[in-house]
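Novice: The structure is given below, and queries will be raised subsequently.
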Amino acid sequence: MVLATVVKVEGSSYRRPGARMLVTQDGQMTGAISGGCLEGDALKKAILAIHQRKNRLVSYDTNTDEGSAIGLQLGCSGIVHILFEYVDLERRDHPIALLRRLLQQREEALLITSFSTDKQREQIGTRLLIADSEKKTSALESQLQILEEHINIAKTKRQSVLALIEEEGQRNEVLIEYLAPTVHLVVVGAGNDAQPVVEMAHLLGWEITVVDGRPSHVNATRFPQASQLIVAPATEIVTKISIDRWTVFVLMTHNYSYDLTVLKELMHSATIYIGSLGPKAKLLRMFDDIHQAGITITESQKDKIYGPVGLDIGAETSAEIALAIIAEIKAVLSDRPGVPLKFLTTKIHAENPIII
């Protein structure tokens, strides 16, 4: 296998640094490094890297005639540098193993990839995963010292960093990639309108839990894409789910008491998004009932509750409502306003990675 990673972009590009595609020896491709324009030529480069059993850096300049000659015609006016890493399964720390560990740990981490735009130089590749639960070995101490300042910036800003450093007498570029855990969507309610929500979240690669008190509704036949199915009373839901800031909730049981009980439990949790299906009057009634129960709702707690749930796109059908819900969750997690891109006065993508 070869892992192809966008490590640097100069100008515009469809995908940003950190985009990846895995290529097997028989030509199977998983993931994407562009909008489909680079993949054909990248497949050839990946197969060559597999046969050579070495890392290679390839640069695609969409401004040149050569770019048009290989069928790019991206219209992005930029240079895309892609690192093709041969995956040596005999190595304990090959890039796929590092990514697998990241998924298992479910915590913020930094993945460090070293490369050089000088094609004649050795391409070191992905070599280090830094997470709070990772124990550092002495063999990595010198590398960590060199990168310490850049690592701290990436951690503090929760943003990737591209740095130029001196290593063993040679100048290399290093992508310190900030990686957050996979979004965990908890759909509270297993009615028919929850099915398209789960299906769309699955397309995005999110982890999905479906919760309801009705055994007849919570099953793999109705929700084959769900990672976890929970049948439980409302009072037990929070105790059955590990909640962090990347865990988001949508309350859509159509059972007022059930939703209200879950909302009471979630207000004090680490989640930053709780969506409530139904009219604004329902949510205001929930707030009033919570207040009547002697529970204080702070403004910061109210800020993370979204009701009616979803962006205003004129949704009517269950599928359209699901689209509005998923879009709002993505906007909130990305700290974006969810407005048409044509009205933006800034770039579509924030400056990421930070270039030092």
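The values are calculated or read from the model by the stated rules, or taken from the named source; none is laboratory data. This structure is a prediction, so every number in the text was calculated from the model and none was measured. Don't worry about glycine lacking a Cβ; one is built from the backbone with ideal geometry, like all the others, and counts go over all protein chains shown. These area figures cover heavy atoms from the full protein model, side chains too; ligands, DNA and RNA do not enter into them. Shrake-Rupley method; radii C 1.70, N 1.55, O 1.52, S 1.80 Å.
Novice: Quick check: the distance between the Cα centres of the stretch 35-52 and the stretch 297-324, to the nearest angstrom?
Specialist: The stretch 35-52 and the stretch 297-324 have Cα centres spaced 42 Å from each other.
Novice: Show which aspartates and glutamates lie in cross-link reach of Lys54 when reach means a straight Cα distance below 17 angstrom and same-chain residues fewer than eight apart are skipped.
Specialist: Within the straight-line limit of under 17 Å, Lys54 reaches these aspartates and glutamates: Glu85, Asp88, Glu90, Asp93, Asp118, Glu122.
Novice: Below 8 Å between Cα atoms, with a sequence gap of 6+, how large is the relative contact order for the stretch 143-236 in percent?
Specialist: Dividing the mean separation by the residue count of the stretch 143-236 yields 19 percent.
Novice: Another one. For the chain, give me the percentage of DSSP beta bridges that are antiparallel, rounded to the nearest 5 percent.
Specialist: Restricted to the chain, the bridges split so that about 65 percent are antiparallel.
Novice: For the stretch 179-296, what D do you get in µm² per second when you plug the Kirkwood radius from alpha-carbon pairs into Stokes-Einstein at 20 °C and 1.002 mPa s?
Specialist: Reported coefficient: 148 µm²/s.
Novice: Straight-line reach from Lys240: which lysines have a Cα under 19 Å away, not including same-chain ones fewer than 8 places off?
Specialist: Lys264
Novice: Which order do Met267, Met29 take by accessible area at a 1.4 Å probe, largest first?
Specialist: So, going from the largest accessible area down, we get Met29, Met267.
Novice: Rank by packing, highest mean first: peptides 192-205, 242-255, with packing defined as the count of other Cβ atoms within 10 Å averaged across residues.
Specialist: 242-255, 192-205
Novice: Let me ask another. With a Cα-only, solvent-free Debye model of the chain, what are the log10 I(q)/I(0) values at q = 0.07, 0.10, 0.15 Å⁻¹?
Specialist: For the requested q values the scattering log ratios are -0.38, -0.74, -1.28.
Novice: Starting from the Kirkwood Rh over alpha-carbon pairs, what translational D in µm² s⁻¹ does the stretch 257-318 have by Stokes-Einstein at 25 °C and 0.890 mPa s?
Specialist: The Stokes-Einstein estimate is 199 µm²/s.
Novice: Also: Please report, in whole Å³, the volume per residue of the convex hull around the C-alpha atoms of the stretch 4-56. Can you show the working numbers first?
Specialist: On the way: hull volume 3.9 nm³, N = 53.
Enclosed volume per residue, from the Cα hull, is 74 Å³.
Novice: Just the number, please: carbon plus sulfur as a percent of the accessible area of the stretch 237-325, 1.4 Å probe, no ligands or DNA/RNA counted.
Specialist: Within the stretch 237-325, the accessible surface is 52 percent carbon and sulfur.
Novice: To the nearest 20 debye, what is the magnitude of the charge dipole of the chain about its Cα centre, counting +1 on the Cβ of each Lys and Arg and -1 on the Cβ of each Asp and Glu? If you can, show how the numbers build up before the last one.
Specialist: Values: 37 positive and 43 negative charges, 51 e Å.
I would put it at about 240 debye.
Novice: Where only protein heavy atoms count, and the probe is 1.4 Å, what is the accessible area per residue for the chain in Å²?
Specialist: Working: 18250 Å² over 356 residues.
In whole numbers, the chain has 51 Å² accessible per residue.
Novice: Between the alpha-carbon centers of the stretch 75-125 and the stretch 154-219, tell me the distance in whole angstrom.
Specialist: 19 Å
Novice: Could you work out the relative contact order of the chain, using alpha carbon pairs under 8 angstrom and six or more residues apart, expressed as a whole percent?
Specialist: In percent, rounded to a whole number, it is 12.
Novice: Shifting gears a bit: In whole Å, largest first, what are the principal axis extents of the Cα atoms in the stretch 218-281?
Specialist: 33, 25, 19
Novice: On to the next question. Which residue, chosen from Trp206, Asn192, Tyr178, occupies the Cα position most advanced towards the positive end of the dipole of the stretch 150-254, where the dipole is computed from +1 (Lys, Arg) and -1 (Asp, Glu) charges on Cβ about the Cα centre?
Specialist: Asn192
Novice: Cα-based Rg of the stretch 98-248 per 2.2 N^0.38 Å, rounded to two decimals?
Specialist: The reported ratio for this selection is 1.40.
Novice: Another one. Under a cut-off of 22 Å between alpha-carbon atoms, report the lysines in cross-link reach of Lys330, not counting same-chain residues fewer than 8 places apart.
Specialist: Output for Lys330: Lys155, Lys157, Lys280, Lys302, Lys304, Lys342, Lys347.
Novice: Same structure, new question: Ranked highest first by the average count of other Cβ atoms within 10 Å around their residues, in what order do 315-326, 287-298 fall?
Specialist: 315-326, 287-298
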